[in-house]
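Asker: The structure's right below; bear with me while I get my questions together.
Quick note: the coordinates plus some simple rules give every number you see, no bench work behind them. From a predicted model like this one, the values you see are computed outputs, not experimental measurements. Neighbour counts run over all protein chains shown; Cβ positions are idealised from the backbone, glycine included.
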Amino acid sequence: MATTSLPGGTWTLGDLTVTRFGYGAMQLAGPWVMGPPADHEGALAVLREAVALGITHIDTADAYGPRVTNELIKEALHPYQASLHIATKVGATRDAQGGWPPARDPESLRRAVHENLETLGLDTLDLVNLRLGNSEGPVAESVETAFEMLADLQKQGLIRHLGVSNATAEQVREAQAIAPIVCVQNMYNLAYRADDELIDSLAAQGVAYVPFFPLGGFSPLQSSALSAVAERLGATPMSVALAWLLQRSPNILLIPGTSSVAHLRENVAGAGLALSADDLAALDEIGR
Ligand SMILES: NC(=O)c1ccc[n+]([C@@H]2O[C@H](COP(=O)([O-])OP(=O)(O)OC[C@H]3O[C@@H](n4cnc5c(N)ncnc54)[C@H](OP(=O)(O)O)[C@@H]3O)[C@@H](O)[C@H]2O)c1
């Protein structure tokens, strides 16, 4: 699909056109992303509404649940519309305590790609991000062995496009020397802006930047400056936070999470808000 009425328009990941307004499925699993959702039908309804609204980019991972969000996506949406592109992640697994231990040795990566194919019901994964670092953030270490494995699986036809997640700028460069990447998925939002420079450098290269926790994640953004701008515009703080990201750079793709159809509709309706220079200046202060 070439056009959309969704805020932000579209972006091309390699040869795949996606709406810049996407959907992040992580919050559909149970508490702390473990186990099934309390409301199974409600979770399916959110996914179906996302597609009905015209969203063509859904972000997931086999580690969510584990398996839970992938299986919900398959149940709600398979067979998939040709325009829908599902991005997944490999490189972390889950332990009994709900932790996210790394699993980046070649055999674990190969297994994770096959598990994603199976749980999503696909022959080829459109986009696989190598999830790096740990739950504290990126860790400076080589990605060579792990990314070479994914590049090999890509050559075998199991993966269309590659990306990295929770990565340092150096790791992005190291991965790019092995195989092209179409996106970087890192933590970034109005209040957490460590990647400002990286975003601009990726924009210049035509590589997408996909902020995770765009609304603050498990503790949604709260800021008096954000509330003040939202009040002045008669909008919700979440709408302002998403509109700010869309205006921040054309290569930013949104994957806000929600387990609520009402929030999903509200976020889509609000993210197209035009922010003035004064609004942007007030919002800029939040991340400083
Ligand atoms: N690569 C990585 O390491 C990594 C890490 C974390 C996440 N991710 C990806 O990033 C995506 C987004 O992250 P996220 O979902 O954790 O965080 P998020 O999008 O920043 O925030 C989601 C939270 O905001 C709430 N929310 C959404 N819309 C709202 C509204 N209109 N009003 C009030 N509250 C609202 C949701 O609650 P309700 O359910 O009540 O709406 C949920 O608690 C995930 O789905 C996942 O795909 C990737």
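Asker: Could you check Ser224 against (1) near the ligand (Cβ under 6 Å from one of its atoms); (2) without any contact (Cβ under 8 Å) to a residue 12 or more places away in the chain and say which number it fails?
Answerer: It fails just one condition, (1).
Asker: Out of everything in region 31-83 that is over 15 Å from the mean Cα position of the chain (by Cα) and hydroxyl-bearing (Ser, Thr, Tyr), what residue ends up being farthest from Gln97 (Cα to Cα)?
Answerer: Among those residues, the one meeting the criterion is Ser83.
Asker: Among the residues of region 70-112, how many are more than 22 Å from Tyr23 (Cβ to Cβ), of a type in the set (A, V, I, L, M, F, W, C) and surrounded by 15 or more Cβ atoms within 10 Å (Cβ to Cβ)?
Answerer: Final tally of qualifying residues: 2.
Asker: If you don't mind, there's one more thing I want to ask. For region 243-253, give me each residue that is in contact with a helix residue (DSSP H, G or I) (Cβ under 6 Å, 6 or more places away or on another chain) and within 15 Å of the ligand (Cβ to nearest atom).
Answerer: Once the filter is applied, which keeps residues that are in contact with a helix residue (DSSP H, G or I) (Cβ under 6 Å, 6 or more places away or on another chain) and within 15 Å of the ligand (Cβ to nearest atom), region 243-253 yields Trp244, Ile252.
Asker: Another question about this same structure. Hey, among the residues in region 152-173 that are within 18 Å of Pro102 (Cβ to Cβ) and in a loop (DSSP other than H, G, I, E, B), which one's nearest to the ligand (Cβ to nearest atom)?
Answerer: Only one residue tops the list, namely Asn166.
Asker: Taking the residues in region 174-210 that are part of a loop (DSSP other than H, G, I, E, B) and over 15 Å from Leu130 (Cα atoms) as candidates, determine which candidate is farthest from the ligand (Cβ to nearest atom).
Answerer: The residue in question is Gly206.
Asker: Within region 218-252, work out how many residues are part of a loop (DSSP other than H, G, I, E, B) and either touching a strand residue (DSSP E or B) at 6+ places or on another chain (Cβ under 8 Å) or of a type in the set (A, V, I, L, M, F, W, C) (or both). Full working, then the answer.
Answerer: Applying the first criterion (part of a loop (DSSP other than H, G, I, E, B)) to region 218-252 yields 218-223, 234-236, 249-251.
Still in the running and either touching a strand residue (DSSP E or B) at 6+ places or on another chain (Cβ under 8 Å) or of a type in the set (A, V, I, L, M, F, W, C) (or both): 218, 221, 235, 249-251.
Counting residues in region 218-252 that are part of a loop (DSSP other than H, G, I, E, B) and either touching a strand residue (DSSP E or B) at 6+ places or on another chain (Cβ under 8 Å) or of a type in the set (A, V, I, L, M, F, W, C) (or both) gives 6.
Asker: Scan Arg111, Arg48 and give me the residue that is within 22 Å of Thr258 (Cα to Cα), more than 12 Å from the ligand (Cβ to nearest atom) and of a type outside the set (Val, Ile, Thr).
Answerer: Checking each option against the conditions leaves just Arg48.
Asker: Return the residues of region 259-268 that are polar (S, T, N, Q) and surrounded by fewer than 21 Cβ atoms within 10 Å (Cβ to Cβ); say none if nothing qualifies.
Answerer: Listed by number, the residues that qualify are Ser259, Ser260.
Asker: Inside region 122-151, can you point out the residues that are more than 12 Å from the ligand (Cβ to nearest atom) and over 27 Å from Thr17 (Cβ atoms)?
Answerer: Selection gives Val139, Ala140, Glu141, Ser142, Val143, Glu144, Thr145, Ala146, Glu148, Met149.
Asker: Within region 1-33, can you find the residues that are within 14 Å of the ligand (Cβ to nearest atom) and farther than 17 Å from Ala208 by Cα?
Answerer: Ala25, Met26, Gln27, Leu28, Ala29, Gly30, Pro31, Trp32, Val33 - these are the residues of region 1-33 that are within 14 Å of the ligand (Cβ to nearest atom) and farther than 17 Å from Ala208 by Cα.
Asker: Continuing with this model, one more query. Which members of region 27-52 meet the condition of being in contact with a strand residue (DSSP E or B) (Cβ under 9 Å, 6 or more places away or on another chain), closer than 14 Å to Leu77 by Cα and crowded, with 20+ Cβ neighbours inside 10 Å?
Answerer: Within region 27-52, Val46, Leu47, Ala50 meet the criteria.
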